[in-house]
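S.K.: One structure coming up, written as structure tokens, with questions to follow.
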Amino acid sequence: MLASLFWVLLACNDHYSTKIRASVSYINMPENRMLIEKLPQTAEMLVNGSGYDLIAYIIRPNLANIIIDGRFIGINASSKTGQAFVTTTSSIDFFNREHFDIKALNILPDTIFFSFFERGIKKVPVHLNRYFTFDRQFSLSDSITLNPDSIIISGPFATLDSIKRIETEPLILNGLKTSGDYSVKIKKTSKLINYAPMEVGVHLEVDKFTEAELEVPIFIENLIIGDSLEIFPKQAKITYLVSLRNYNKVDPKLFRISADAFDIRNTKNVNLRLNVKQFPPYVHDIRIKPETVEFIIRKNK
């Protein structure tokens, strides 16, 4: 047993060449280029050293690390997309300066090939995918607020050009009857695109609505110069829904109901249809009575 032990000790004092697995780190990679696939994270090295030192690297592979400098990437600078390469042999000297106990002889592969795209950045609006139901007589009393309403995306130029807006994951809310704040994630459409931020805030103003009505004067539009037009009746009754908080804000002057007299000389209709041309943003489901009016026209000869 002692003889065997001495033999092992003597054998470990000798120098050997063997292959070990080393982790790979990348520095100075070009910021205006975007990789399509991941670069290798390990490489095989042929090293020489004493048996004692080699055993340590075999048992603990994380001791060996090589660094690849992106400044030495070989690319076609005039192309937006294509093949690039970087040699690993330049990392041998760096490895040997950092590791005194063993010596690197070679690295496999000696060249790493990869594909890239030219990187672009773009700001795009966010579109909320929403599916809401409300409790009886409740609805949105104001516009939905997104924070932020636009995000920054980065990725290949060719992909960014086709993106006009970014969708969110569905926000599904049922039986709403109170205002609230929610968070919703951005919907990822491509692994090549980076999104910042990945989540937006949503603010909803919900209020109880009631039905109300007003009488509003009717305006005549597009009447031929020189003609005169009498309509019957001269006012219309509008029925609408409004939230309780905005009930007292509603005024007849905020509405504009019109009868369009365009090309009235050629029409055979005896009635003119009424249209809602203007109304406050906080009213909904506007209905007009009557929907049409009778008229008498005195044409300019």
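S.K.: Taking the stated definitions as given, is ILE297 of a type outside the set (S, T, N, Q) and at pLDDT 90 or above?
M.R.: no
S.K.: Kindly indicate the residue of segment 278-295 that is more than 15 Å from ASN246 (Cα to Cα) and without any contact (Cβ under 8 Å) to a residue 40 or more places away in the chain and also nearest to the chain's Cα centre (by Cα) among those meeting that condition.
M.R.: Ranking the candidates gives GLN278 first.
S.K.: Which residues, taken from segment 269-298, are acidic (Asp, Glu) and more than 18 Å from SER143 (Cα to Cα)?
M.R.: Residues satisfying the conditions are GLU291, GLU294.
S.K.: Which residues, counting only those in segment 140-150, are at pLDDT below 90 and either assigned to a strand (DSSP E or B) or among the basic types (Lys, Arg) (or both)?
M.R.: LEU140
S.K.: Next question. Taking segment 151-172 only, how many residues are in a strand (DSSP E or B) and surrounded by 13 or more Cβ atoms within 10 Å (Cβ to Cβ)?
M.R.: Total meeting the criteria: 10.
S.K.: Which one is farthest from ILE238 (Cα to Cα) among residues in segment 272-301 that are surrounded by 12 or more Cβ atoms within 10 Å (Cβ to Cβ) and aliphatic (A, V, I, L, M)?
M.R.: Once the filter is applied, the top-ranked residue is ILE297.
S.K.: Can you tell me which of (1) more than 30 Å from PHE117 (Cα to Cα); (2) surrounded by 12 or more Cβ atoms within 10 Å (Cβ to Cβ); (3) modelled with pLDDT of 85 or more is the one LEU229 doesn't meet?
M.R.: (3)
S.K.: Would you mind stating whether ILE220 is surrounded by 13 or more Cβ atoms within 10 Å (Cβ to Cβ) and either over 29 Å from PRO290 (Cα atoms) or within 33 Å of the chain's Cα centre (by Cα) (or both)? Let's see the steps before the verdict.
M.R.: Values: surrounded by 13 or more Cβ atoms within 10 Å (Cβ to Cβ): yes; either over 29 Å from PRO290 (Cα atoms) or within 33 Å of the chain's Cα centre (by Cα) (or both): no.
The answer is no for ILE220.
The values are calculated or read from the model by the stated rules, or taken from the named source; none is laboratory data. All values derive from a computational prediction rather than experimental measurement. For neighbour counting, all protein chains shown are included, and Cβ atoms are generated from backbone atoms with ideal geometry for every residue, glycine included.
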